[in-house]
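Colleague: What follows is a single structure, and I will ask about it in a moment.
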Amino acid sequence: MSCILCGGRLTPRLSKAGRDAKNYNIAECLNCGVWQIAPMPSEAELNALYQSDYFKVRSDRGYADYASDKIYRSVVSTLEKNLRDLNFFSWEKSLNGPKHLLEVGCAAGHAVAYFAARGWQALGIDIAHEMIEAGKSAGRPLLEADFLQHDFAGQKFSLITHWATLEHLPQAEMFLQRMAKLLADGGRIYLSTCNTGYFARRYGISWRYLNVPEHVFYFNHRSLQCLAKKCGLKVVRAFSYGSGFTTRENAPWWYNFKKHIADRLARYFLTGDMIVVEFVVE
Ligand SMILES: [Zn+2]
């Protein structure tokens, strides 16, 4: 079997039972370094899974809560940290004229609301019906549609964001290609995804993001660069976070000290659990 992103040779890496009790094999591409479920579940299989009661129970639980202020504040807190590290705020100041944002995979649209409040003409798109409905009822500019099929009528965007979604998509390459085509001149794509850094390798099947079959791809800096190139994009900025030390209230000084060091190492050596990248047209 070969890598569905780059055609490189795959080598078996792990095997894990999914939440649907089926066993999934995860292989690593010897060329680009991405991990992927192999064979990749078909779109029909994944759709059936997401519609099954088992998956619905878990996701339904969050809907009522998802539009709450508490979740909004938590989403915005992470978003602002990422935006600061992406040097977004000084770039935003340099933009003239109307600023258009598209969030692909927006769920209930918390981040879309954040940008709209900053004066952006923001739009979120997602296929998750209940999430979109929850967001719309809060007055957010959201669209329930398939990003690959939707007709944007020639509109271009200065910023396209895609937070923690790419790992779910067997059509990851088509998504990134379409985003590249929708970018205005000088536009940027911001994307986050889980990262096969130190912890993925250390914990193997117990790694917290090894969720099969929902996560079909597991990227790192190299595989994202490789994918970007195929889509006519390049990575201009990348950092990683998630060092294994969570923020604890009233933690002793030595815990915070260790956390500080570990966070720094994860960030600069791209070894954390999550990676954030900025793409521009090559
Ligand atoms: Zn590959």
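The values are calculated or read from the model by the stated rules, or taken from the named source; none is laboratory data. Predicted, not measured: the structure shown is a model, and the values here were computed from it. Here the Cβ is made from the backbone with ideal geometry for all residues, glycine too, and neighbour counts use every protein chain on show. Calculation scope for accessible area: heavy atoms of the full protein, side chains included, ligands and nucleic acids excluded. Shrake-Rupley method; radii C 1.70, N 1.55, O 1.52, S 1.80 Å.
Colleague: Is it fair to say ASN211 is touching a Lys or Arg at 6+ places or on another chain (Cβ under 8 Å) and open to solvent by 20 Å² or more (accessible area, probe 1.4 Å)? Even if it seems obvious, please write down each step before you answer.
Modeller: On the way: touching a Lys or Arg at 6+ places or on another chain (Cβ under 8 Å): yes; open to solvent by 20 Å² or more (accessible area, probe 1.4 Å): yes.
Answer is yes for this residue.
Colleague: Enumerate the pairs (first residue in segment 155-171 and under 18 Å from VAL75 (Cβ atoms); second residue anywhere and of a type in the set (Lys, Arg) and open to solvent by 30 Å² or more (accessible area, probe 1.4 Å)) with beta-carbon separation below 7 Å, excluding pairs fewer than 6 apart on the same chain, so at least 6 apart or on different chains.
Modeller: Every condition considered, the pairs that remain are LEU159/ARG188.
Colleague: Where residues in segment 1-13 are under 11 Å from ILE37 (Cα atoms) and open to solvent by less than 40 Å² (accessible area, probe 1.4 Å), which of them is farthest from the ligand (Cβ to nearest atom)?
Modeller: LEU10
Colleague: GLY18 fails exactly one of the following numbered conditions: (1) at pLDDT below 95; (2) within 13 Å of the ligand (Cβ to nearest atom); (3) open to solvent by less than 90 Å² (accessible area, probe 1.4 Å); (4) not charged (D, E, K, R). What is the number of that condition?
Modeller: In the conditions (1) at pLDDT below 95; (2) within 13 Å of the ligand (Cβ to nearest atom); (3) open to solvent by less than 90 Å² (accessible area, probe 1.4 Å); (4) not charged (D, E, K, R), GLY18 misses (2) alone.
Colleague: Related question: Quick check: is even one residue across segment 171-188 open to solvent by less than 40 Å² (accessible area, probe 1.4 Å) and among the basic types (Lys, Arg)?
Modeller: Looking for residues that are open to solvent by less than 40 Å² (accessible area, probe 1.4 Å) and among the basic types (Lys, Arg), one finds at least one in segment 171-188, hence yes.
Colleague: Restricting the first residue to segment 243-262 and requiring it to be part of a loop (DSSP other than H, G, I, E, B), which pairs with a second residue that is aromatic (Phe, Trp, Tyr) and open to solvent by 70 Å² or more (accessible area, probe 1.4 Å) meet a Cβ separation below 9 Å and a spacing of at least six or different chains?
Modeller: As it stands, the answer is SER243/TYR198; GLY244/TYR198, since those pairs meet every condition given.
Colleague: Still on this model: Hey, does segment 69-83 have a residue that's modelled with pLDDT of 95 or more, out of contact with any Ser or Thr (no Cβ under 8 Å at 6 or more places or on another chain) and open to solvent by 50 Å² or more (accessible area, probe 1.4 Å)?
Modeller: Yes, the conditions are met somewhere in segment 69-83.
Colleague: Something else about it: Counting just the residues of segment 26-60 that are of a type outside the set (Lys, Arg), open to solvent by 80 Å² or more (accessible area, probe 1.4 Å) and more than 10 Å from the ligand (Cβ to nearest atom), which one comes out modelled with the highest pLDDT?
Modeller: Our first condition is that a residue be of a type outside the set (Lys, Arg); within segment 26-60, this holds for 26-55, 57, 59-60.
With the extra rule that they be open to solvent by 80 Å² or more (accessible area, probe 1.4 Å), the set shrinks to 30-31, 39, 43, 45, 50-51, 53-54, 57.
Narrowing the set further to residues that are more than 10 Å from the ligand (Cβ to nearest atom) leaves 39, 43, 45, 50-51, 53-54, 57.
Values: PRO39: 93, GLU43: 82, GLU45: 84, TYR50: 73, GLN51: 72, ASP53: 64, TYR54: 59, VAL57: 50.
That would be PRO39.
So that you can scan it fast, the table gives a plain yes or no per residue for (1) open to solvent by less than 20 Å² (accessible area, probe 1.4 Å); (2) at pLDDT 95 or above; (3) on the phi > 0 side of the Ramachandran plot:
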{"residue": "LEU86", "(1), (2), (3)": "yes, yes, no"}
{"residue": "ALA108", "(1), (2), (3)": "yes, no, no"}
{"residue": "VAL112", "(1), (2), (3)": "yes, yes, no"}
{"residue": "ALA116", "(1), (2), (3)": "no, yes, no"}
{"residue": "TRP120", "(1), (2), (3)": "yes, yes, no"}
{"residue": "ALA138", "(1), (2), (3)": "no, no, no"}
{"residue": "LEU148", "(1), (2), (3)": "no, yes, no"}
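Colleague: Checking LYS93 against (1) surrounded by 17 or more Cβ atoms within 10 Å (Cβ to Cβ); (2) over 21 Å from LEU233 (Cβ atoms), which single condition isn't satisfied?
Modeller: With respect to (1) surrounded by 17 or more Cβ atoms within 10 Å (Cβ to Cβ); (2) over 21 Å from LEU233 (Cβ atoms), LYS93 is out only on (1).
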